[in-house]
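Some notes on the structure that comes next.
Just so it is clear, none of the values below were taken in a lab; they were calculated from the coordinates. The structure displayed is predicted, hence computed values, not measured ones. Here the Cβ is made from the backbone with ideal geometry for all residues, glycine too, and neighbour counts use every protein chain on show.
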Amino acid sequence: MATTHSFIGVFKYSKRAIELVWQTSRSLALWMGLLTLVAGVLPAAVAYVGKLIVDAVVAAMEAPNASLTDVYTYVAYEAGLVIALSAAQRGLAAAQSLLRARLGQRVNEMILDKAQTLSLAQFEDSEFYDKLTRARREASQRPMALVVKTFGLIQNGISIASFAALLIQFSPWALIILVVGALPGFAAEAKFSGDAFKIFRWRSPDRRMQMYLETVLAREDSIKEVQLFDLGPTLLGRYRTIFHKLFKEERLLTLRREGWGFLLGILSSAAFYAAYGWVVFETATGKLTLGEMTMYLLVFKQGQSAVSAMLTSVSGMYEDNLYLSNLYEYLEQETTHEPGHLTAGVHPGDGIRFENVSFSYPGSQQSALLDINLHLKPGQSLALVGENGSGKTTLIKLMTRLYQPSAGRIYLDGSDLQDWSVPALRERVGVIFQDFVRFQLQVGENIGAGDVGHFTDADRWKTSADKGQASPFIEKLSDGYTTQLGRWFKDGQELSGGQWQKIALSRAFMREGADLLVLDEPTAAMDAQAEADIFAHFQDYAANKMAIVISHRFSTVRYADQIVVMQGGRIMERGDHASLIASDGRYAHLFNLQAAGYR
Ligand code: ADP
């Protein structure tokens, strides 16, 4: 029963793969269907004409004066059929090549499209991420491989059916021998393919580690430390250990698969050759003509190769199927957030409000935020202070709706953040995270990324770069705003950490419509003078907006209207600089510590 089940499992996703082909290109799909039919039927026709030729030759030998026109006509037919067969096979190969390219692109687009609708939490879920990586890695081959194998199976099936139509005239038993002889081989192939996939899937975390190590060992952003700390041999050793572990299982499976394949192959060969002997016997005793014998032998031989071609198709189909099941699991993944539709709040001007907000990351027992209450109005600035891991960035992630609170509510202008329409919300928020993206695009586009409507708007790049203090160094670059950044590309230039931060700041300033500006440690890599300048500008710019700054520099923090000191996910102290100093708590302690360093 289990075998039947896995046997059927081999074909489960073939239907979806064919649907995918149909949606990708109807004309190519139709061509493939037609040519598959032709290529499937023609071998039997060739065998039949072969019989006619031999019988005509034998007849001609027996009647010396007979004309040979019939024989030549049949030979010409056969030549024609063989040419047609070869044309059909070439046509199939061409249709497959074209379809492979289009299908790969289409599946990749589906995967990437879907990725845009997923939440950050889903990306951070390692099991889900694994699904995505697997779907992406093989998108360009697997679906097509399944289609090719499915069509191959159909084609060989048609051949075998047409052979059967000829064979049944000899004896139904011969047919039964052909079919029964092949079954054990199919069952074994289906089982081993299933096992292969189970190993493949089960060891995914190992594979992931291997892929990761490959990246670390061979990428520009990590190679620096790998070489300086001499990590190469150790990491490569780990890479090797994983391979040996995986290889051991793979070797066992391969040996079992091929060993059983050989044994069961003997069984079906024995069946075929028994039938072969039978045909020869019947001919020798005069029950079959020479032409019929030629035809049946050919049919048996080709039947045998059609069966082994089918086995080849089945082999690996299970893996392709499970790839597709993985792909569809990913594509059908629920998108968690329900889209809200508000474009304005019930109390415009109320600003941002946190009410008893708590949050823990998916899969984590610990709360990253606990019972947070906050209120920030337009025209006010808020500074978040606290040691690493105290929850500052998490707070920003909730505020920008990258995550949902586990408890409590966040309001913008009096309406729950969850009820806001995503585009309306995004428009109001300009945020730069400490791990902002360094796009390997032009300098200007790196700034323009802050407002996709003005992505390539050179005037806006310039005004934003002025606000972010980036224009002086950009103008000194070889191609100014159109300088290519990053080492992926020829002549791509690298910037220093501080220069990148100025780019990121300018990016935030692109959002002219935003009234909530968040800077998460934006100036850590800048010199003190640059930071002071930036904040002087920032304060003018943010005059009637809500501004939130995370910084470890108290010279920056002290000017905020409201300072919140966080520890272990809770708010520990709050107030303005003067009151916090006066109350002589944690803030005052940290402030004095840093100030002492400058004295
Ligand atoms: P801060 O910005 O104050 O340095 P974070 O808000 O980044 O701190 O982190 C708060 C806590 O949440 C830390 O304990 C950190 O380990 C945890 N954390 C941060 N990001 C994630 C994440 N993506 N998944 C799980 N835990 C996280």
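How high is the FRET efficiency from Arg90 to Glu355, r the C-beta distance, R0 60 Å, rounded to 0.05? Can you show the working numbers first?
Details: r = 70 Å, r/R0 = 1.17.
Result of the calculation: an efficiency of 0.30.
Label Val58 and Ser555 with points 7 Å out from Cα along Cα→Cβ: what is the distance between them in nm?
10.6
Measure nothing fancy, just the Cα-based angle from helix 232-284's long axis to the longest principal axis of the chain, in degrees from 0 to 90, nearest 10.
So the helix axis and the longest Cα principal axis differ by about 20 degrees.
Using a Förster distance of 51 Å, how high is the FRET efficiency between Leu68 and Glu258, based on the Cβ-Cβ distance and rounded to 0.05?
On the way: r = 50 Å, r/R0 = 0.98.
Once rounded, the FRET efficiency stands at 0.55.
With the dipole of the chain worked out from charges on the C-beta (+1 for Lys and Arg, -1 for Asp and Glu) around the Cα centre, which of Val307, Gly104, Ala17 lies farthest toward the positive end?
Val307
With axes computed from alpha carbons, what is the tilt in degrees of helix 126-137 against the longest principal axis of the chain, rounded to the nearest 10 within 0 to 90?
50
Find how many whole Å separate the alpha carbon centroid of segment 231-261 from the alpha carbon centroid of segment 29-99.
Value for the Cα centre distance between the two parts: 48 Å.
Assuming a ≥ b ≥ c are the square roots of the Cα gyration tensor eigenvalues, decide whether segment 501-599 counts as rounded (a/c under 1.5), prolate (otherwise, with a/b larger than b/c) or oblate.
Working: a/c = 2.05, a/b = 1.49, b/c = 1.37.
Prolate, since a/c reaches 1.5 and a/b exceeds b/c.
Please give the net charge around Arg426, taking every other residue with its beta carbon less than 13 angstrom from that of Arg426, where Lys and Arg add +1 and Asp and Glu add -1.
Details: positive: Arg401, Arg428, Arg511; negative: Glu427, Asp451, Asp515.
Net charge in that neighbourhood comes out at 0.
What does the charge count around Pro405 come to, taking other residues whose C-beta lies under 14 Å from its C-beta (Lys +1, Arg +1, Asp -1, Glu -1)? Each step should come with its number before you reach the end.
Numbers: positive: Arg353, Lys397, Arg401, Arg409; negative: Glu355, Asp371, Asp416, Asp419.
Charge balance near Pro405 sits at 0.
Between Gln365 and Thr215, how many nm apart are label points set 7 Å from Cα along the C-beta direction?
Distance between the two pseudo-spin positions: 2.9 nm.
Using helices alone, what [θ] at 222 nm do you get for the chain, with -39,500 (n - 2.57) per DSSP H run of 4 or more residues, divided over all residues and rounded to the nearest 500?
Details: 23 runs with 383 residues, N = 599.
So the calculated ellipticity at 222 nm is -21500 deg cm²/dmol.
Within segment 13-331, how many lysine pairs that are 8 or more places apart, or on different chains, have C-alpha atoms less than 16 Å apart?
Details: Lys15/Lys149; Lys51/Lys287; Lys51/Lys301; Lys114/Lys131; Lys131/Lys198; Lys198/Lys245; Lys198/Lys248.
Count of close lysine pairs: 7.
Using 1/(1 + (r/R0)^6) with R0 = 41 angstrom and r between the beta carbons of Glu494 and Asp540, what's the FRET efficiency to the nearest 0.05?
Working: r = 31 Å, r/R0 = 0.77.
Efficiency computed from Cβ-Cβ geometry: 0.85.
Taking the Cα centre as origin and putting +1 on Lys and Arg beta-carbons and -1 on Asp and Glu beta-carbons, what dipole magnitude results for the chain, to the nearest 20 debye?
Its charge dipole is roughly 1200 debye.
Pulled fully out, how much extra length does the chain show between Thr343 and Ser171, if you take 0.36 nm times their separation in residues and subtract their Cα-Cα distance? List each step's numbers first, then the result.
Working: separation 172, 0.36 × 172 = 61.92 nm, distance 7.76 nm.
Value of the extension gain: 54.2 nm.
Of the options Val452, Ala39, Gly585, report the single residue whose Cα projects farthest towards the positive end of the charge dipole of the chain (beta-carbon charges: Lys, Arg +1; Asp, Glu -1).
Toward the positive end, the furthest listed residue is Ala39.
Obtain the nm distance between the two label points defined at Gln594 and Asp466 by a simple spin-label model: each point lies 7 Å from its Cα along the Cα-to-C-beta direction.
3.0
Whole Å is fine, so just give me how far the alpha carbon centre of segment 372-422 lies from that of segment 125-139.
The distance from the Cα centre of segment 372-422 to that of segment 125-139 comes to 31 Å.
Would you please report the Å³ per residue occupied by the convex hull of the alpha carbon atoms in the chain? If you can, show how the numbers build up before the last one.
Details: hull volume 130.8 nm³, N = 599.
With only Cα atoms used, the chain gives 218 Å³ per residue.
Just subtract the alpha-carbon distance of Asp416 and Glu109 from 0.36 nm times their residue separation and send over the number in nm, one decimal. Display every interim value, and only then the final one.
Details: separation 307, 0.36 × 307 = 110.52 nm, distance 3.36 nm.
Stretched fully, the Asp416-Glu109 segment lengthens by 107.2 nm.
Antiparallel as a % of all DSSP beta bridges within the chain, to the nearest 5?
Details: 18 of 38 bridges.
So the antiparallel bridges in the chain amount to around 45 percent.
Given that compact globular proteins tend to follow 2.2 N^0.38 Å, what is the ratio of the alpha-carbon Rg of segment 13-331 to that value?
On the way: Rg = 26.2 Å, N = 319, 2.2 N^0.38 = 19.7 Å.
So segment 13-331 has a normalised radius of gyration of 1.33.
Angle, helix 172-202 long axis vs. longest principal axis of the chain, Cα atoms, 0 to 90°, nearest 10?
With both axes taken from Cα atoms, the answer is about 20 degrees.
For Gln434, put the label point 7 Å out on the Cα→Cβ axis and report which residues of segment 344-384 keep their amide N under 14 Å from it.
Answer for this model: 384.
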